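Okay, so here's the structure we're looking at.
The values are calculated or read from the model by the stated rules, or taken from the named source; none is laboratory data. What you are looking at is a predicted structure, and each value in this text was computed from that prediction instead of being measured. As a convention, Cβ positions derive from the backbone with ideal geometry for all residues, glycine included, and neighbour counts pool all protein chains shown.
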């Protein structure tokens, strides 16, 4: 596909790398000559120095023959205008990043009027993911499928857990009380494994399990990880994510305090979020954290713009025994360091936005039926969890799974039919309209048909 | 430097070169003049080493820094020329290794300077290979490798950048591989048109191909001692003259032409300046040589051919311009230094650099009159970065420094200043003939092996625009990382 990316910031560059790797023709437009120069050496894409709202620049990028235009500059307004201009000049499909809370209520109207085909708000998506993580404090991350009916949750296996030390095929013979979930992927060191029957979980592994929401909850109760509820939350940094998150948490009747170092920003937050306590101060200042009651808080979330500050504050909170620590970091290289040092819940706005856009690009570039509906990337893309809806006319419909040849390193995790979630066995079939969740180590799947040989 | 990856790259390149020798092998089989065995041996040697290098070593990482990419480009041209010299030596056409290397470098860098006193008696297969190296070298071997081979490394665009001439490098299409394919398609198409024209003008297929290779790569090797003059055919001279001019134009122009995009072509300042220089120089030379030839159209024909031949850095000849008046010779010498457009197959400093230098000189002049005026240098309607201007200045200084120090070294053994000076200029600009002792009817055979190696170095420096070749002398590049 021919893709134009406007804006070479963190998101733009990361997207460009992934899209080039997936074989697309990428042209990037940025106003900074240095960004253009630097990226030109490392990426097989075309770079144009100029403004994405200028019709001339867009024409130079051959916008009239472009399939997808992605506007990801820092400014929402530039993104909207760029999409409008691109669309008028003949672009097929436009994606804009719009993240200012000001536009929240008028978004659908703006989208229609400005011919933006898809608007993403990574900050809001991040906030939503964090609020989900707070409901299941034991989990490193929670991803949802099939309109929220299915969840994929990961946890770190510890010594003494009933799932440790037993081959997969004997898991439920030995643990009869354990609710049946599917063990779909295991991260060990820098490797990701899709477990087969002989696989044995070791302490320290990060285990991803998938099932319907209720079974997942019972599974963790049985594991003894329980549902220790979180009632008080401390947030460091009054960013946009913090705004979206705190409004969600206040609605969930949680006690929330936000620490923001800039006075005017703190005032604006206090005005917009009357249900929360806003504290003006430096979130890396340990004395301040203690005096605001860090020791009694159930969860500590670092959302400042600087990864390093988030990291240090996160370590401090974890060391002080806060039950749930969530750290925002946009650098992929940091996440493995943090995992090694025991911080399991890392959240990256960039990755969330990136996954979402990659999924849209994939489903648009796939001419086949049953294009990807949702996509999550595990361990920097070493494996992917994808959701499809089975379509009439495809070969795999109504064929028992044992008669279908599945590509290596892929796994059909669950099938959801008429609201019922099922971990499939050999005699089960896929029917029209089913949600199908697939875990795969092969990157780039864009349609359900590609899972079968 | 990531040695394993570099070796692998060299291996692929040698395999490619072995494959590129196949057409010459076929020619030698058709004419059967005793050079078939030489080609078989050359192909066997090149391919064997190529296979060994590309399949025995497994690089752990596939990254190539920009600096390494530059050095790799330089290195690959040195090695390519070495193996390209094999058919010359093995067939006995050019027995001395240094001579053969000079001839191969002159071929690949599309210079067209020769050490051969007598060309016509050589086997046709060898002559075909000699001219074919022009065609390969014109658009660049690395670009070709990028076009036909699956990607070796994610970061190959600086390889192509090191090889393509001009102050700035811009892709035509988002993917390097697609850009390379597009460039070669245009190159191939234009070459095909020229061959067809030459056939229609009465050349036989062999001669038509040899002269198309010479024109397309802007090289200048002919299979006749008298070069294009041997045909005594004004039509052929006009055809080759026009095509030499066309191959001196930035290939991006043809890209837009094929896509029927008018605006970028009209905006191509460099092309219009280049064409105007061709026009004005032709007229000036015509007037200058008119007394010598009497008839205006004869003078015009000779003038046009020589001007396009020199400005496009081809170096074909229809007449001995060494006998022309001093003004005409001096003008040709200036055109020799300037060369044609960036992004074409021509050598020299490039029209766009000369244009940028004159514009910034004019701006600086303005600045002394109106010190507070803020002025931006523009090229093709776009503001040029100050860093680019600085680079152009540095490039010119390096070019002049090479020309001066080269002249100094060559004058150790040459008795005539003009010979020494123009020998250096013509090799550095990849033109071919110079004046006096290296004039159109003379050759480079008289130089010592040391001088021939120096001139080979200058040809490579000129073709790759200096940096990739100079980098090979930096110890830093060779350090393992």
Might you check whether a residue that is farther than 22 Å from residue B:100 by Cβ and in contact (Cβ under 8 Å) with a residue 60 or more places away in the chain occurs anywhere in region B:47-62?
yes
Hits in region A:9-29 (condition: more than 12 Å from chain B (Cβ to nearest Cβ) and free of Cβ contacts under 8 Å to residues at least 24 places away in the same chain)
none
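Against the condition within 12 Å of chain B (Cβ to nearest Cβ) and within 28 Å of the chain's Cα centre (by Cα), how does residue A:4 come out, does it pass? First the steps, then the outcome.
Numbers: within 12 Å of chain B (Cβ to nearest Cβ): yes; within 28 Å of the chain's Cα centre (by Cα): yes.
The answer is yes for residue A:4.
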Which numbered condition in (1) crowded, with 22+ Cβ neighbours inside 10 Å; (2) farther than 30 Å from residue A:328 by Cα; (3) modelled with pLDDT of 85 or more is the only one that residue A:385 fails?
(2)
Go through region B:49-92 and count every residue that is buried (at least 24 other Cβ atoms within 10 Å of the Cβ) and part of a loop (DSSP other than H, G, I, E, B).
3
Within region B:459-472, track down each residue that is surrounded by 20 or more Cβ atoms within 10 Å (Cβ to Cβ) and assigned to a helix (DSSP H, G or I).
B:459, B:460, B:461, B:462, B:463, B:468, B:469, B:471
Could you pull out the residue among A:53, A:74 that is more than 28 Å from the chain's Cα centre (by Cα), more than 10 Å from chain B (Cβ to nearest Cβ) and assigned to a loop (DSSP other than H, G, I, E, B)?
A:53
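Taking region B:406-417 on its own, how many of its residues are loosely packed, with under 13 Cβ neighbours inside 10 Å and at pLDDT 95 or above?
Counting residues in region B:406-417 that are loosely packed, with under 13 Cβ neighbours inside 10 Å and at pLDDT 95 or above gives 1.
Taking region B:168-212 as the region of interest, how many residues are in a loop (DSSP other than H, G, I, E, B) and within 14 Å of another protein chain (Cβ to nearest Cβ)?
Narrowing region B:168-212 to residues in a loop (DSSP other than H, G, I, E, B): B:168-175, B:201-204.
Next cut, within 14 Å of another protein chain (Cβ to nearest Cβ) only: B:168-175.
Total satisfying the criteria: 8.
Count, please, the residues in region A:150-161 that happen to be in contact with a helix residue (DSSP H, G or I) (Cβ under 8 Å, 6 or more places away or on another chain) and either under 21 Å from residue A:341 (Cα atoms) or surrounded by fewer than 17 Cβ atoms within 10 Å (Cβ to Cβ) (or both). I'd like the intermediate steps shown before the answer.
Quick first cut of region A:150-161, residues in contact with a helix residue (DSSP H, G or I) (Cβ under 8 Å, 6 or more places away or on another chain) only: A:150-151, A:153, A:155.
Now narrow it down to the ones that are either under 21 Å from residue A:341 (Cα atoms) or surrounded by fewer than 17 Cβ atoms within 10 Å (Cβ to Cβ) (or both): A:153, A:155.
Residues meeting the conditions: 2.
Does residue B:65 satisfy being over 23 Å from the mean Cα position of the chain (by Cα) and either within 14 Å of chain A (Cβ to nearest Cβ) or free of Cβ contacts under 8 Å to residues at least 60 places away in the same chain (or both)?
On the way: over 23 Å from the mean Cα position of the chain (by Cα): yes; either within 14 Å of chain A (Cβ to nearest Cβ) or free of Cβ contacts under 8 Å to residues at least 60 places away in the same chain (or both): yes.
In short, yes.
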Here's a check for you: in region A:99-136, which residue that is within 13 Å of the chain's Cα centre (by Cα) and not in a helix (DSSP H, G or I) is nearest to residue A:229 (Cα to Cα)?
A:121
Collect the residues in region A:84-98 that are more than 12 Å from residue A:71 (Cα to Cα) and assigned to a loop (DSSP other than H, G, I, E, B), keeping them in residue-number order.
A:89, A:90, A:91, A:92
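Against the definition (in the same structural domain as residue A:283 (by TED's automatic domain parsing) and within 25 Å of residue A:94 (Cα to Cα)), how does residue A:330 come out, yes or no? It would help to see each step written out before you state the result.
Working: in the same structural domain as residue A:283 (by TED's automatic domain parsing): yes; within 25 Å of residue A:94 (Cα to Cα): yes.
Yes.
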Please enumerate the residues belonging to region B:318-350 that are part of a loop (DSSP other than H, G, I, E, B) and under 18 Å from residue B:290 (Cα atoms).
B:318, B:319, B:320, B:324, B:325
Residue A:176: within 22 Å of residue A:425 (Cα to Cα) and modelled with pLDDT under 85, yes or no?
yes
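Listed here are the residues, each with its yes/no results for (1) in contact (Cβ under 8 Å) with a residue 40 or more places away in the chain; (2) within 14 Å of chain A (Cβ to nearest Cβ).
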position	(1), (2)
B:353	yes, no
B:356	yes, no
B:362	no, no
B:387	no, yes
B:393	no, no
B:400	no, no
Being free of Cβ contacts under 8 Å to residues at least 12 places away in the same chain and within 9 Å of chain B (Cβ to nearest Cβ) is the filter; apply it to region A:38-50 and report the residue that is nearest to residue B:261 (Cα to Cα).
A:40
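Listed here are the residues, each with its yes/no results for (1) surrounded by fewer than 24 Cβ atoms within 10 Å (Cβ to Cβ); (2) in contact with a strand residue (DSSP E or B) (Cβ under 9 Å, 6 or more places away or on another chain); (3) over 20 Å from residue B:27 (Cβ atoms).
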{"residue": "B:187", "(1), (2), (3)": "yes, no, yes"}
{"residue": "B:195", "(1), (2), (3)": "yes, no, no"}
{"residue": "B:201", "(1), (2), (3)": "yes, no, yes"}
{"residue": "B:204", "(1), (2), (3)": "yes, no, no"}
{"residue": "B:208", "(1), (2), (3)": "yes, no, no"}
{"residue": "B:213", "(1), (2), (3)": "no, no, no"}
{"residue": "B:217", "(1), (2), (3)": "no, no, no"}
{"residue": "B:222", "(1), (2), (3)": "no, no, no"}
{"residue": "B:228", "(1), (2), (3)": "no, no, yes"}
The correct count of residues that are within 22 Å of residue A:97 (Cβ to Cβ), under 12 Å from the mean Cα position of the chain (by Cα) and part of a loop (DSSP other than H, G, I, E, B) in region A:345-395 is 3
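When you scan region B:425-458, how many residues do you find that are part of a helix (DSSP H, G or I) and within 18 Å of residue B:326 (Cβ to Cβ)? Don't jump to the end; show me each part of the working.
Pass one, region B:425-458, residues part of a helix (DSSP H, G or I): B:425-428, B:436-438, B:449-458.
Right, trim to within 18 Å of residue B:326 (Cβ to Cβ) and you get B:425-426, B:436-438.
Result for region B:425-458: 5.
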Does residue B:347 satisfy the condition of being within 20 Å of the chain's Cα centre (by Cα) and either within 30 Å of residue B:391 (Cβ to Cβ) or free of Cβ contacts under 8 Å to residues at least 60 places away in the same chain (or both)?
yes
